[in-house]
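Encoded as structure tokens, the structure appears first; notes follow it.
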Amino acid sequence: MGEVLARFDAVTMQFGDLVAVDKASLEIRSGEVLAVLGENGAGKSTLMKLLYGVFPPTDGTIVVEGCPDGISGPAEALRQGIGMVFQHFSQLPALSVRDNLLLAWPKTPFWKSRRNRATGDVLSKLRDMAPAIDPDTPVHDLSVGEQQIVELVKVLNIQARIVILDEPTSVLTPAETDRLHGFICQLAADGVAVVLITHKLRDVEACADRIAVMRRGAIVDVSYRGERSMQEIVTLMMGKTVDRKLPSPQPATNPVDRLVLQYVSAQAAGMRLRDISLAVGRGEVVGVAGVAGNGQTLLAEVVAGIQPVTYGEVLLDGERIGRRRPGETLSTPLGYIPEQPRENATVEQLSLADNLALRDLAEGNRTDGSTSDLLCRFNVNPPVPDKRAGTLSGGNLQKLVSARELGTPRPAILACYPTMGLDLAAIELVYEHMFAQAAAGAAVLWISEDLDDLLAAAHRIAVIREGAIVALETNDGTLTRDRIGALMAGMASVSEAA
Ligand SMILES: Nc1ncnc2c1ncn2[C@@H]1O[C@H](COP(=O)(O)OP(=O)(O)O)[C@@H](O)[C@H]1O
Ligand SMILES: [Mg+2]
């Protein structure tokens, strides 16, 4: 058992009346991966932000080894070798990967270290972790998964003793996730204390030595690997047993095409879509699988009418919804859950009610006073209509977006990683409403990183690679994870029998 590097002792954190962390006691030890599990809003991020010095606790103490005066703030935390990769990380999108990495270097002003050994070190770390990322690429051209890796490299670069990762795998592909698990285990083997905030059991199974479960701000259980079954851990986390059931795809009964892409080409931010034709029928769920950064984001933005097409058409029930030139105004009746809904689909300064009404305002309607009801139906916590959206946890903001986009009948749904970063209960809720839309006749286009979920519930699965749809497979029960994975990786020929 490693040395105790930090200790929480009856730590409480209140935001106004809200108790985000409730008398939490926990030890963080060197050479160990500590998983902190819990539902959205359980207090995981807040607990670790306290250690990182983002804010002081309302009550209780946090002792960091070798630091008798405590951690006064993130700068001090970094000097003490405590690094944190946030759930919603911040980078300077216009700067290159190299400069973003060097900006985070706490010792030398980054412009001085551009050409010295520090640069070499950090770039070699980057090469180890992500050989495909060119350090001279501006960060805004990276996929979310790639940005995450850059964040992690930043933290590793400070020679951290304690590395806190806040839901790092929620934006990664399966292959990237496996790689990250490998890095995490290696860090612990090198003596680093790794805190892995997650609600993915796969993360826990892959690398946790000890598992702390949080519920409603309290640490309800701490166990060693193997001491508890995953089922027990889920029960502790949720307070009830969960067995995720997705509807098996029934053959779409009425295959009238609703959402149609014809020869769509587009180009933005270094990404190019090439000649995409795809038709999603009434009541049909078409999944899009692909390794992050192969054009999924641009595809979604073109279908949503955010980015213009350079060629081709996007049609909904025969009407054009795709933009032909930047700035062209088209209102779209499509329900759209974008990637990173916090940044892309909410306004933090507005109330929950106003956020829910954003579409209606644009469409010239008024809200009908059913706001509280909608918040409750989507389990947004707290379900208080005049609360400012910016005070909600990421998961709850995401539920807010789902409530707006999935809460009323839509002719089509475009869902871009709709469950990413959500806890199990919220995932079920989003799926329930998404599939209910399909059952009611909507055409659902569903971009996902979760092959198991796609295989469980999509009628057909399209595979996107290098901006093109390289395969469109009917999910008839014979399609496998391996087959899709091989197509994603470009290792299976499209015509090859499954
Ligand atoms: N800066 C803040 N101001 C007010 N409330 C906050 C703030 N940060 C978090 N909260 C609230 O604290 C609770 C715990 O949030 P968080 O720690 O983000 O949960 P988790 O990371 O487990 O999803 C949530 O109810 C959230 O709304
Ligand atoms: Mg969190």
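The values are calculated or read from the model by the stated rules, or taken from the named source; none is laboratory data. Treat the numbers as computed from the prediction; the structure is a model and nothing was measured. FYI the Cβ positions are ideal-geometry reconstructions off the backbone, even for glycines, and counts take in every protein chain you see.
Check off (1) within 16 Å of the chain's Cα centre (by Cα); (2) free of Cβ contacts under 8 Å to residues at least 12 places away in the same chain for residue 432 and give me the number that stays unchecked.
Of (1) within 16 Å of the chain's Cα centre (by Cα); (2) free of Cβ contacts under 8 Å to residues at least 12 places away in the same chain, only one is false for residue 432: (1).
Can you confirm whether residue 323 is without any contact (Cβ under 8 Å) to a residue 24 or more places away in the chain, crowded, with 21+ Cβ neighbours inside 10 Å and either over 21 Å from residue 473 (Cα atoms) or out of contact with any Ser or Thr (no Cβ under 9 Å at 6 or more places or on another chain) (or both)?
yes
Could you pull out the residue among 44, 49 that is within 13 Å of ligand 1 (Cβ to nearest atom), crowded, with 18+ Cβ neighbours inside 10 Å, without any contact (Cβ under 8 Å) to a residue 40 or more places away in the chain and closer than 26 Å to residue 387 by Cβ?
Checking each option against the conditions leaves just 49.
Quick check on this structure: which one of 445, 472, 414 is assigned to a strand (DSSP E or B) and surrounded by fewer than 17 Cβ atoms within 10 Å (Cβ to Cβ)?
Selected residue: 472, the only one of 445, 472, 414 that is assigned to a strand (DSSP E or B) and surrounded by fewer than 17 Cβ atoms within 10 Å (Cβ to Cβ).
Name the single residue that is surrounded by the fewest Cβ atoms within 10 Å (Cβ to Cβ) among those in region 382-403 being within 13 Å of ligand 2 (Cβ to nearest atom) and either assigned to a loop (DSSP other than H, G, I, E, B) or modelled with pLDDT of 90 or more (or both).
Ranking the candidates gives 393 first.
Scan region 83-95 and give yes if some residue there is assigned by TED's automatic domain parsing to the domain that holds residue 233 and either within 9 Å of ligand 1 (Cβ to nearest atom) or modelled with pLDDT of 95 or more (or both), otherwise no.
Scanning region 83-95 turns up at least one residue that is assigned by TED's automatic domain parsing to the domain that holds residue 233 and either within 9 Å of ligand 1 (Cβ to nearest atom) or modelled with pLDDT of 95 or more (or both).
State whether the residues of region 5-25 include one that is closer than 29 Å to residue 189 by Cβ, within 16 Å of ligand 2 (Cβ to nearest atom) and not polar (S, T, N, Q).
yes
Among the residues in region 6-23, are any hydroxyl-bearing (Ser, Thr, Tyr) and in a loop (DSSP other than H, G, I, E, B)?
no
If residue 36 passes every condition in (1) β-branched (Val, Ile, Thr); (2) touching a Lys or Arg at 6+ places or on another chain (Cβ under 7 Å); (3) more than 16 Å from ligand 1 (Cβ to nearest atom); (4) within 15 Å of residue 163 (Cα to Cα) but one, which one does it miss?
With respect to (1) β-branched (Val, Ile, Thr); (2) touching a Lys or Arg at 6+ places or on another chain (Cβ under 7 Å); (3) more than 16 Å from ligand 1 (Cβ to nearest atom); (4) within 15 Å of residue 163 (Cα to Cα), residue 36 is out only on (3).
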